[in-house]
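Right, one structure below, let's go through it.
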Amino acid sequence: MMTMLLVSSLAQAEGCLKGAVVGGVAGHLKHHAVIGAVAGCAIGHHLAAQAKKQQAASGK
């Protein structure tokens, strides 16, 4: 239940949904879809934050 609450609260984060889909598919291939989705969400959010910071620095 705690995992569901964590995942649902992270689902609104920018880049999370796309990363979760990719991570879930990759994790499914190794029989760890939930772990892959959570890791994908975290990585997707991190990459989106970096891209947003880079856009702000370039003035666009």
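Quick note: the coordinates plus some simple rules give every number you see, no bench work behind them. These numbers were taken from a predicted model, which means no experiment stands behind them. Note that we place each Cβ from the backbone using ideal geometry, even for glycine, and neighbour counts take in every protein chain shown.
Within the stretch 28-42, which residues are surrounded by fewer than 19 Cβ atoms within 10 Å (Cβ to Cβ) and of a type outside the set (A, V, I, L, M, F, W, C)? Break it down into steps so the answer makes sense when it comes.
Taking the stretch 28-42 as the starting set, the residues that turn out to be surrounded by fewer than 19 Cβ atoms within 10 Å (Cβ to Cβ) are 28-35, 39, 42.
If the condition is that a residue be surrounded by fewer than 19 Cβ atoms within 10 Å (Cβ to Cβ) and of a type outside the set (A, V, I, L, M, F, W, C), then 28, 30, 31, 32 are the ones that fit.
Tally the residues that are out of contact with any helix residue (DSSP H, G or I) (no Cβ under 9 Å at 6 or more places or on another chain) and closer than 11 Å to residue 14 by Cα, restricting the search to the stretch 28-49.
1
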